1. Kindly indicate which of 228, 306, 281 is closer than 15 Å to residue 199 by Cα, out of contact with any helix residue (DSSP H, G or I) (no Cβ under 7 Å at 6 or more places or on another chain) and away from ligand 1 (no atom under 16 Å from the Cβ).
2. Output the residue which, of all residues in the stretch 1-39 that are farther than 22 Å from residue 252 by Cα and either assigned to a helix (DSSP H, G or I) or of a type in the set (Val, Ile, Thr) (or both), is least open to solvent (accessible area, probe 1.4 Å).
3. Can you name the helices (runs of 4 or more DSSP H) wholly within the stretch 167-250 that have at least 2 residues being within 16 Å of ligand 2 (Cβ to nearest atom)?
4. Being under 14 Å from residue 85 (Cβ atoms) and hydrophobic (A, V, I, L, M, F, W, C) is the filter; apply it to the stretch 114-144 and report the residue that is farthest from ligand 2 (Cβ to nearest atom).
5. Do we find that residue 81 is over 24 Å from residue 298 (Cα atoms), at pLDDT 95 or above and more than 20 Å from the chain's Cα centre (by Cα) in this structure?
6. Assuming residue 63 fulfils every condition listed in (1) among the hydrophobic types (A, V, I, L, M, F, W, C); (2) buried (at least 20 other Cβ atoms within 10 Å of the Cβ); (3) not in a helix (DSSP H, G or I) apart from one, which condition is it?
7. Restricting attention to the stretch 18-65, which residues are touching a His at 6+ places or on another chain (Cβ under 9 Å) and among the basic types (Lys, Arg)?
8. With respect to residue 319, determine if the residue is touching a helix residue (DSSP H, G or I) at 6+ places or on another chain (Cβ under 8 Å) and assigned to a loop (DSSP other than H, G, I, E, B).
Amino acid sequence: MQRLTLTRPDDWHLHLRDGELLRQVAPASARQFARALVMPNLSPPVTTVDQALAYRRRILDALPADSDFIPFLSLYLTESTPVSEVTRAAACPHVLGFKLYPAGATTHSEAGVRTLERIYPVIEAMERHGVVLQIHGEVTDPEIDIFDREKVFIERELIPLCRRFPALRLVLEHVTTRDGVQFVREAPATVAGTLTPQHLLYNRNALFAGGIRPHYYCLPVLKRETHRQALLQAATSGSPKFFLGTDSAPHPRAAKESACGCAGCFSAPLALELYAEAFERADALDRLEAFASFHGADFYGLPRNRDTVTLERAPWRVPETFGAEFDLVPLRAGETVTWRLHP
Ligand code: NCD
Ligand code: ZN
């Protein structure tokens, strides 16, 4: 196949940052995707509908004038989020849920939740109003091996949560393990999972190929090959429970190439090309459209997009840097990608 035309996809897990960095990265996502669910881990975090609406405005202002990209927001859940915020979120068409960051799990998660029981009244209200909970599914217990944190989160937190709130709609974000895939698969239709390009294409060896590779470091961290294969199988299975969420998370080069580098892979400029590569390797290009363009919209109860995008088989070299104000290193920098989004 030389050309592949599909319904324009959406990105259901995206970090766009703020200020000048937002202005630099937002057009890259708008070029590829019609809509995105934008994460609230700014500093300070976006915890209220009012803050989300102001952030949404800043995102729209950061886009080219002719862009029709639609940003949706997720609100950052804290232990002091009031139940009334759930009602407000349920009534706001621009807000698609609340993001649960276990405190300390990842970038800007300090304001996150330490003890899930403390937010049970808020979760109960989300269940009642059908508001989606987007979950960063890792325990933060330093005793737990970093490669086991997703599996242990599912056992310790997620399964009990689902038992207690059986009608809660939730997305296990950036699933990275066979255990995560199995959890989503066996759960009712109210539960879904997003998958990133890096977890479909790479295993943890990529972190140490000939030396330490900070641009392949994200959270949850890349796992063993057996897990990658389970993720790819889930993505290409045709199951409506799995959909595209890049988790593109830009950090300036100096913050990544450091003695204590930040977590996050910046994939926005070539995300769809990377997914196409993963699906092609699994001989499943015919399943890409549903994964990228249908399942997420269906889960969120939104209309599918009507326009299309076209990918061409035209190998190109990913630039070393995606520069302007900030020096950003994209995933796959300096290497070749087979597919190219047209134009
Ligand atoms: C994200 C970021 O930098 O905001 N980093 C990452 O490694 N994925 C935070 C997150 O989603 O965990
Ligand atoms: Zn993320």
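1. Being closer than 15 Å to residue 199 by Cα, out of contact with any helix residue (DSSP H, G or I) (no Cβ under 7 Å at 6 or more places or on another chain) and away from ligand 1 (no atom under 16 Å from the Cβ) holds for just one of 228, 306, 281, which is 281.
2. 7
3. Here the list reads 197-201.
4. This residue is 125.
5. yes
6. Checking residue 63 against (1) among the hydrophobic types (A, V, I, L, M, F, W, C); (2) buried (at least 20 other Cβ atoms within 10 Å of the Cβ); (3) not in a helix (DSSP H, G or I), the one that fails is (2).
7. Within the stretch 18-65, 56 is the sole residue that qualifies.
8. So residue 319 does not fit the description; no.
The values are calculated or read from the model by the stated rules, or taken from the named source; none is laboratory data. The structure presented is a predicted model; accordingly, all values stated were derived computationally and were not measured. For neighbour counting, all protein chains shown are included, and Cβ atoms are generated from backbone atoms with ideal geometry for every residue, glycine included. Ligands, DNA and RNA are excluded from the accessible area calculation, which covers all protein heavy atoms including side chains. Shrake-Rupley method; radii C 1.70, N 1.55, O 1.52, S 1.80 Å.
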